[in-house]
1. Mind pulling up the Rg/Rh value for segment 33-164? Radius of gyration and Kirkwood radius, both on Cα.
2. Report the per residue volume, in Å³, of the convex hull enclosing the C-alpha atoms of segment 1-86.
3. Under a 10 Å cutoff between Cα atoms, tell me which one of 150, 22, 56 has the largest fluctuation in the Gaussian network model of the chain.
4. Distance from the Cα centre of segment 6-55 to that of segment 58-103, in angstrom?
5. When you count, for each residue, the other Cβ atoms within 10 Å and take the mean per peptide, how do 125-138, 65-78 rank with the highest first?
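Just so it is clear, none of the values below were taken in a lab; they were calculated from the coordinates. Keep in mind it's a predicted model, so treat the numbers as computed, not measured. Because the Cβ atoms are built from the backbone with ideal geometry, glycine has one as well, and the counts that use them run over all protein chains shown.
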């Protein structure tokens, strides 16, 4: 990431993702404490750490890495509309690049935040299906659990360059 005033130039390369499926990617973070990756202790009865399990550690969505349209931190439409996120190629690779305006409170604390990549086709059938995410009840719309599972995350502190 390169921070220039109130914009970040995001360059994200991820491999090992579910092929041919969209992968929501966000900057997550808290308004105050440092964002951290959740431990396995956060896993629910299903043994998975879904978004609601992880939010206490890595915080809510602050910025969405969409390919087109809005990049806000709101769940709908920017944060969960899979049609706006990059799709992994057949080898499970996403290469993403976009310049995004970020709110001032986010720009000032980027080094304390994380990028989280979501989406894992658990049954390998080439689609996000099966159980609904606990986010479904929060937003009042169906969200497949597979689509929102965090699959990769990393702190921005080591990768951020500020050229203000």
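1. Computed over Cα atoms, the ratio is 0.95.
2. Working: hull volume 11.0 nm³, N = 86.
Residue-normalised Cα hull volume stands at 128 Å³.
3. Per the Cα network of the chain with a 10 Å cutoff, 56 tops the list.
4. 12
5. Numbers: 125-138: 14.7, 65-78: 16.9.
In descending order of packing, they fall as 65-78, 125-138.
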